[in-house]
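Report on the following structure.
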Amino acid sequence: MKLTKFIPAIAAAAVLPGMAIAQDAAPVAGIDASTDSIFILNSLLFLVGGFLVFWMAAGFAMLEAGLVRSKNVTMQLTKNVALFSLAAIFYYLIGYNLMYPLGSWSIGSDETGGYLGAFGPAILEAVGIGRDAADDYGYASTGSDFFFQLMFCATTASIVSGTLAERIKLWPFLIFTIILVAVIYPIQASWKWGGGFLDTQYGFLDFAGSTVVHSVGGWAALAGAIILGPRIGKYKDGRVHPYPGSNLALATLGTFILWLGWFGFNGGSQLAMGTVGDVSDVSRIFANTNTAAAGGALAALILTQVLYGKVDLTMVLNGALAGLVSITAEPLTPGLGMATLIGAIGGVIVVFAVPFLDKLKIDDVVGAIPVHLCAGIWGTLAVLITNPDATLMGQLIPIIIVGVFVFGVSFVLWYILKLTMGIRVDAETEIVGLDVHELGIEAYPEFHKG
């Protein structure tokens with residue numbers, strides 16, 4: 001995500017609240033009106049991309065509702081609504097400014113890049129902000145950027161939800177979500193997108209977040225799954241006992257919604273729509289994003305037929321998502337053929353990663369770790385194939401740094417929550433279902449049989 005060119009505007013209007021001053025909106029003689037158009041189009045890209053990524057929240061909710069058992073559907077829907085709402089509030093209060101190490105509180109320097117951003121709530125432009133001969137709007141509206149970046153933050157939390165389904169308590173999960181969206185995600189995102197040290201020292205390339213968003217969610221989910229443990233009966237007598245999802249139609253709908261939202265995720269990360277070249281690039285990103293998803297789905301479809309003698313729909317769905325994650329780190333430079341191949345390898349990774357986790361007895365209900373963590377690592381390394389500016393160490397070392405930071409902090413946090421308030425429901429609640437015991441509302445009351 002080429003956020004560094006937007007840093008001056010963020011610094012002026014977000015990190016230093018006193019800089020956000022209302023101005024006369026009337027046109028000024030001698031100022032090129034095309035500047036207005038660029039500002040408007042850039043802001044519009046953020047807004048359209050942002051509400052497309054928002055729609056991914058519905059995709060995650062439907063995917064998870066379809067892949068959990070019917071006795072736990074209400075809980076998954078509740079978690080998805082709650083986590084998005086928490087992300088919206090706490091990213092505003094803490095996370096947004098923490099992502100951009102530009103104010104006087106930031107740790108780091110112009111030469112080395114920042115390590116920690118500024119603490120304080122986000123500040124948007126004053127109502128009716130304009131421009132005169134001495135002042136400029138900036139690159140795009142701070143409000144549009146805040147809205148767009150918020151959606152990425154919320155996506156990270158959604159990844160964790162599905163992995164830990166069917167046995168985690170609601171409130172410990174929400175407490176973890178608050179810390180994830182307010183502190184963990186913004187700090188590591190600032191290291192790249194806020195002009196921090198991964199960007200300045202390593203030249204790390206991650207266009208739309210294969211590592212910054214998806215692997216981060218995967219690392220947090222992995223730590224939680226290890227501390228939480230598998231569902232009762234999942235691994236018994238040396239065998240893996242599958243728990244089929246309650247509604248594959250919903251899961252498929254969720255996948256298509258995510259696929260649609262990804263056009264905003266990757267296309268909006270161009271961060272510019274004011275020139276012919278930018279619009280052409282956004283179009284190219286859309287096409288590459290789409291074909292990578294198709295490549296991942298088809299690779300999973302063919303591979304499951306070869307390995308198991310039958311096509312596994314859940315693997316095909318996750319294959320499409322893995323293709324999307326894989327292309328997210330660099331959706332601009334590949335051609336359509338290479339983008340398809342990058343996505344296809346993501347689909348292959350999922351098919352092998354799911355049973356590998358089962359061998360380790362790490363219970364991931366929806367396959368989020370293979371999709372977002374494993375394919376996220378692959379996608380970040382795949383940048384080397386098509387972007388000549390990428391270097392092996394420049395990609396690999398940041399992957400390790402982000403992984404150690406997010407997994408380590410998440411592991412400690414999950415462990416503290418386990419010791420202090422408990423994170424897992426009791427055996428009776430898990431067997432009967434979280435909907436009844438934790439919430440008192442069943443998603444399918446007419447058909448639920450436990």
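The values are calculated or read from the model by the stated rules, or taken from the named source; none is laboratory data. Everything numeric here is computed off the predicted structure, so don't read it as measured data. We place every Cβ from the backbone using ideal geometry, glycine too, and count neighbours over all the protein chains shown. Please note that ligands, DNA and RNA were not included when accessible areas were found on the heavy atoms of the full protein model with its side chains. Shrake-Rupley method; radii C 1.70, N 1.55, O 1.52, S 1.80 Å.
Counting only helices (runs of 4 or more DSSP H) that sit completely within segment 175-245, those holding 2 or more residues that are of a type in the set (A, V, I, L, M) and surrounded by 24 or more Cβ atoms within 10 Å (Cβ to Cβ) correspond to 216-228. In this structure, does VAL306 turn out to be assigned to a loop (DSSP other than H, G, I, E, B) and either surrounded by fewer than 19 Cβ atoms within 10 Å (Cβ to Cβ) or at pLDDT below 95 (or both)? No: the conditions fail for VAL306. Return the total of residues in segment 136-149 being open to solvent by 10 Å² or more (accessible area, probe 1.4 Å) and either within 18 Å of the chain's Cα centre (by Cα) or among the β-branched types (Val, Ile, Thr) (or both). Count: 2.
Among the residues of segment 384-404, those that are over 17 Å from SER215 (Cβ atoms) and open to solvent by less than 50 Å² (accessible area, probe 1.4 Å) comprise THR386, ASN387.
ALA249 meets each of the listed conditions (1) in a helix (DSSP H, G or I); (2) in contact with an Asp or Glu (Cβ under 6 Å, 6 or more places away or on another chain); (3) of a type in the set (A, V, I, L, M, F, W, C) apart from (2). Can ASP237 be described as within 24 Å of ILE179 (Cβ to Cβ) and charged (D, E, K, R)? Answer is no for this residue. For segment 156-164, does any single residue satisfy the condition of being within 10 Å of the chain's Cα centre (by Cα), of a type outside the set (S, T, N, Q), surrounded by 24 or more Cβ atoms within 10 Å (Cβ to Cβ) and outside any helix (DSSP H, G or I)? For segment 156-164, residues within 10 Å of the chain's Cα centre (by Cα), of a type outside the set (S, T, N, Q), surrounded by 24 or more Cβ atoms within 10 Å (Cβ to Cβ) and outside any helix (DSSP H, G or I): absent.
Quick one: is LEU77 closer than 15 Å to MET151 by Cα, at pLDDT 65 or above and either open to solvent by 10 Å² or more (accessible area, probe 1.4 Å) or outside any loop (DSSP other than H, G, I, E, B) (or both)? Against the criterion (closer than 15 Å to MET151 by Cα, at pLDDT 65 or above and either open to solvent by 10 Å² or more (accessible area, probe 1.4 Å) or outside any loop (DSSP other than H, G, I, E, B) (or both)), LEU77 does not qualify. So if I check each of ALA65, ALA82, ALA61, which one is small (Gly, Ala, Ser), surrounded by fewer than 21 Cβ atoms within 10 Å (Cβ to Cβ), at pLDDT 95 or above and assigned to a helix (DSSP H, G or I)? Going through ALA65, ALA82, ALA61 in turn, just one is small (Gly, Ala, Ser), surrounded by fewer than 21 Cβ atoms within 10 Å (Cβ to Cβ), at pLDDT 95 or above and assigned to a helix (DSSP H, G or I): ALA82.
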